[in-house]
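A short write-up of the structure that comes next.
The values are calculated or read from the model by the stated rules, or taken from the named source; none is laboratory data. Note that the structure is a prediction, hence the values are computed from the model and not measured. Neighbour counts run over all protein chains shown; Cβ positions are idealised from the backbone, glycine included.
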Amino acid sequence: MKGRDIISAFDFAREDFMRLFNEAKICEKKRTLRIAEDKMAITVFLEPSTRTRLSFTAAMLKIGGKVMDFGGIEASALMKGESFEDTIRMIDGYDPDVIIIRHKVEGSAKMAADIAEHPVINGGDGMHEHPTQALTDLYTMYKTFGKIDGLRVALLGDLKHGRTLSSLSYALSMFNDVKLYCIAPPILQMRPEVVEKIKDKMPCKFYNSLEELDEEIDVLYVTRIQKERFTDLQEYERVKGSYIVSPTLLSKLKKIPIVMHPLPRVNEITTDVDAMPQAKYFEQATNGMYVRMALLAEVMGLKIPAE
Ligand code: CP
C-alpha cells in the first residue's frame with residue numbers, strides 16, 4: 001500500500017485486511033519496532049478526537065517514527081481566514097511521510113489527498129467514512145472469532161450519522177456470508193447511499209429496536225447518538241436514550257454477542273456491561289493502535305519484520 005491514500009474502506013481489499021491483521025498481530029507481540037526512524041507523520045485533527053489521534057500518534061512512535069501535530073484550530077491561521085486548501089498545501093510542503101486528517105466536512109479527506117503529494121489517511125470526515133476504525137473493528141472481530149466470513153453483525157444506534165458504520169458496512173461486505181442487522185429508530189436508520197453500496201453484496205435486515213431482533217448474532221456494534229450532527233435539536237431530544245444496552249437487555253437475546261463500540265460512549269452501554277467477558281470496546285480501542293502501526297508501515301513502504 002506504499003504511497004496510497006486511505007480515504008474509504010473501499011481502499012482496502014479483502015487481502016489487504018488479512019495481511020494487515022497478520023502484521024498487526026506481529027506489532028502486538030513485539031510492542032515496538034525500529035523501522036520508521038527517518039519518518040514523520042503530521043496529524044491534523046480539525047474535529048475532536050481521543051482515540052484516532054492518540055492511537056495514530058502512539059502507533060507512529062511505536063514503530064520508531066516522529067509525529068508533528070497541527071494542534072487545535074484556534075491556534076492556527078485557519079482562525080485568520082486561511083483556507084483548508086492552503087493549509088493542506090502548507091502541511092504537505094513540510095515533507096511529511098504521511099498526513100492523517102480528521103474534519104467535520106464530508107469529502108475533506110479526499111480534497112486533502114487531491115492537494116497533497118504525500119499520502120493522506122482519513123481519520124474521519126463528517127458522516128462519511130472512518131476507514132481505519134473499520135480496520136480496527138474487523139481486527140477485533142478477527143481476533144475474537146478467528147474469521148470474518150459467516151459472522152452475523154448487528155449495528156445498533158445512530159446509523160444515519162455514524163461514519164464508523166458506513167466504513168464498517170463497506171468492509172464487511174467484502175467478506176463471505178456475512179449478515180448485517182441494522183437496528184435504529186426510523187429517523188436514525190442507515191443512509192440510502194450506504195445501503196445502496198452494500199445491498200447486493202451482503203444480506204441486510206432493518207429493525208426499529210433490539211427487542212425486535214429474532215435471530216442469533218455474533219456481534220452487537222453499538223454507537224452513540226451524534227448530537228453534534230443534528231440540524232434539528234428537537235429531533236435529537238426525541239431519540240436520545242432510545243436504546244440503552246445493559247446486562248439485562250443482553251440476557252434477553254438468543255445468544256449473548258460480543259459488544260463493540262467505536263467510543264466515545266455516552267450512556268448507550270451501561271457501565272455494568274464493562275465487566276462482562278463479551279464487552280470488547282476497550283480492547284477494540286487498543287487494537288486500533290496495532291492495526292495503525294501496520295497500516296502506517298505499509299503506507300510508508302516499510303516492512304514489518306516477520307515474527
Ligand atoms: N472511535 C473514534 O473515532 O474515536 P475518537 O473520536 O476519540 O477518535
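If we scan segment 48-61, do we find a residue that is assigned to a loop (DSSP other than H, G, I, E, B) and in contact with a Gly (Cβ under 9 Å, 6 or more places away or on another chain)? Write out each step before concluding.
At the first step, the residues of segment 48-61 found to be assigned to a loop (DSSP other than H, G, I, E, B) are 48-50.
Okay, now just the ones that are also in contact with a Gly (Cβ under 9 Å, 6 or more places away or on another chain), so 49.
Yes, because at least one residue in segment 48-61 is assigned to a loop (DSSP other than H, G, I, E, B) and in contact with a Gly (Cβ under 9 Å, 6 or more places away or on another chain).
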Condition check: assigned to a helix (DSSP H, G or I) and surrounded by fewer than 21 Cβ atoms within 10 Å (Cβ to Cβ). Does R19 satisfy that?
yes
When you look at L250, is it among the hydrophobic types (A, V, I, L, M, F, W, C), exposed (fewer than 13 other Cβ atoms within 10 Å of the Cβ), over 20 Å from the mean Cα position of the chain (by Cα) and in the same structural domain as P186 (by TED's automatic domain parsing), yes or no?
no
In segment 72-103, residue farthest from the ligand (Cβ to nearest atom) [restricted to those that are in a loop (DSSP other than H, G, I, E, B), under 25 Å from the mean Cα position of the chain (by Cα) and at pLDDT 95 or above]:
D97
Select from segment 258-284 the residues that are surrounded by fewer than 21 Cβ atoms within 10 Å (Cβ to Cβ), in contact (Cβ under 8 Å) with a residue 60 or more places away in the chain and either among the small types (G, A, S) or more than 30 Å from I99 (Cα to Cα) (or both) and list them in ascending order.
E268
Hits in segment 229-262 (condition: within 18 Å of A184 (Cβ to Cβ) and in a strand (DSSP E or B)):
V245, V259, M260
Subset of segment 111-155 [assigned to a strand (DSSP E or B) and either surrounded by fewer than 21 Cβ atoms within 10 Å (Cβ to Cβ) or in contact with a Ser or Thr (Cβ under 7 Å, 6 or more places away or on another chain) (or both)]:
I121, G123, G124, D125, E129, R152
